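Trainee: Take a look at the following structure, please.
The values are calculated or read from the model by the stated rules, or taken from the named source; none is laboratory data. These figures come from a predicted structure and were not determined experimentally. Here the Cβ positions follow ideal geometry from the backbone for every residue, glycine too, while neighbour counts run over all protein chains shown. Surface areas here come from the heavy atoms of the whole protein model, side chains and all, with no ligands, DNA or RNA. Shrake-Rupley method; radii C 1.70, N 1.55, O 1.52, S 1.80 Å.
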Amino acid sequence: MLYIIPTPIGNLEDITLRAIRILGEVDSVLCEDTRQTGKLMHHLNISKKLIAYHKDNEHQTLQQVIERLKVGETIALVSDAGTPGISDPGFLIVRECIKHGIKVETLPGPTAFVPALINSGFPCDEFVFMGFLPHKKGRQTMHKRIALEERTIILYESNHRLVKLLEEFKSSIGNERLVSVSRELTKMFEENVRGTAEELHIHFSKKEVKGECVVVIDRKANSKSDN
Ligand code: SAM
């Protein structure tokens, strides 16, 4: 059995009671960074074997993990923060488990894009999650897709690249669609700002952007009559 376990994106109170119980029951925990997960486990007072499983070793590690699961081990997969599989390793192992008839159970829990979407105040009946835009190759194509996309769009972006992204939006989506940036969600200095790409560009250019950010783009004004 493989458990996919979401962990807090900032506020440690956001871990669920079920996540704590299962972390205490499994044989081992696959994690991106053993130090990071070690801190969480210490906080929860749980001692388990931690196995490094991250984007640079997931292909090599995958078959060994499948073998362990096949002989009856119970394993949990966590990421540094949020839900595994959402812009983090997870998809490959789930697909492989399904192929081998291994049971997978994903717990509901913290992920950054849901609170950012809700906080944006943009319609959330239909939305598209695009994760991180590619840094170079394919970036322009993604901007074209964003400009044409009729649903609310969610992107992940690092604090270092936020101003650049907003600058690019000034030409790709202009002032037609509003943008919302959620920064440091669930943390002490959480900030949610909405405006045009130009307004947000001015806002975030004033000082160094700290912490992690989610960017949400409103759907095209004419895509649904109620907007
Ligand atoms: N698996 C995670 C999830 O479920 O949200 C996402 C991991 S991805 C590597 C990291 C990105 O998630 C950050 O660059 C940022 O875009 C977003 N993120 C994570 N924690 C956040 C937070 N507390 N506030 C805002 N954005 C956050």
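Trainee: Return yes when Gly72 is outside any helix (DSSP H, G or I), over 25 Å from Pro8 (Cβ atoms) and of a type in the set (Gly, Ala, Ser) and no when it is not.
Mentor: Yes; evaluated as a whole, the condition is true for this residue.
Trainee: Now for a different question. One residue is enough: does the stretch 149-160 have a residue meeting the conditions among the aliphatic types (A, V, I, L, M), assigned to a loop (DSSP other than H, G, I, E, B) and within 30 Å of Glu13 (Cα to Cα)?
Mentor: No: the stretch 149-160 contains no residue that is among the aliphatic types (A, V, I, L, M), assigned to a loop (DSSP other than H, G, I, E, B) and within 30 Å of Glu13 (Cα to Cα).
Trainee: Here is a further query. Does Glu208 satisfy the criteria of being free of Cβ contacts under 8 Å to residues at least 60 places away in the same chain, more than 19 Å from the chain's Cα centre (by Cα) and either in a helix (DSSP H, G or I) or not assigned by TED's automatic domain parsing to the domain that holds Arg145 (or both)?
Mentor: Here the answer is no, as Glu208 does not meet what is asked.
Trainee: Can you tell me which residues in the stretch 64-86 are surrounded by fewer than 17 Cβ atoms within 10 Å (Cβ to Cβ) and within 15 Å of the ligand (Cβ to nearest atom)?
Mentor: Result: Asp80, single match.
Trainee: Out of Thr61, Thr37, which single residue is of a type in the set (Ser, Thr, Tyr), free of Cβ contacts under 8 Å to residues at least 40 places away in the same chain, open to solvent by less than 80 Å² (accessible area, probe 1.4 Å) and in a helix (DSSP H, G or I)?
Mentor: Thr61
Trainee: Can you spot a residue in the stretch 194-205 that is in a strand (DSSP E or B), away from the ligand (no atom under 16 Å from the Cβ) and either outside the structural domain of Pro8 (by TED's automatic domain parsing) or modelled with pLDDT under 95 (or both)?
Mentor: Checking the stretch 194-205: at least one residue is in a strand (DSSP E or B), away from the ligand (no atom under 16 Å from the Cβ) and either outside the structural domain of Pro8 (by TED's automatic domain parsing) or modelled with pLDDT under 95 (or both).
Trainee: Among the residues of the stretch 161-193 satisfying the criterion of being within 10 Å of the ligand (Cβ to nearest atom) and basic (Lys, Arg), which is nearest to Leu12 (Cα to Cα)?
Mentor: Lys187
Trainee: Sticking with this structure for a sec: Specify the residue that is most open to solvent (accessible area, probe 1.4 Å); the eligible residues are those in the stretch 87-133 that are among the aliphatic types (A, V, I, L, M) and within 14 Å of Ile4 (Cα to Cα).
Mentor: Top of the filtered list is Ile98.
Trainee: Regarding the stretch 90-107, can at least one residue be identified that is in a helix (DSSP H, G or I), more than 16 Å from the ligand (Cβ to nearest atom) and in contact (Cβ under 8 Å) with a residue 12 or more places away in the chain?
Mentor: yes
Trainee: I'd like to check something: does the stretch 145-154 contain any residue that is out of contact with any strand residue (DSSP E or B) (no Cβ under 8 Å at 6 or more places or on another chain) and either in the same structural domain as Gly10 (by TED's automatic domain parsing) or under 30 Å from Ile66 (Cα atoms) (or both)?
Mentor: no
Trainee: Residue check, Glu191 against (1) under 19 Å from Pro134 (Cβ atoms); (2) modelled with pLDDT of 95 or more; (3) not basic (Lys, Arg), all met but one. Which one?
Mentor: If we test Glu191 against (1) under 19 Å from Pro134 (Cβ atoms); (2) modelled with pLDDT of 95 or more; (3) not basic (Lys, Arg), just (1) comes out false.
Trainee: Now, a different point. Within 16 Å of the ligand (Cβ to nearest atom), crowded, with 17+ Cβ neighbours inside 10 Å and either of a type outside the set (S, T, N, Q) or not in a strand (DSSP E or B) (or both), is that true of Leu23?
Mentor: Spelling it out, it is not the case that Leu23 is within 16 Å of the ligand (Cβ to nearest atom), crowded, with 17+ Cβ neighbours inside 10 Å and either of a type outside the set (S, T, N, Q) or not in a strand (DSSP E or B) (or both).
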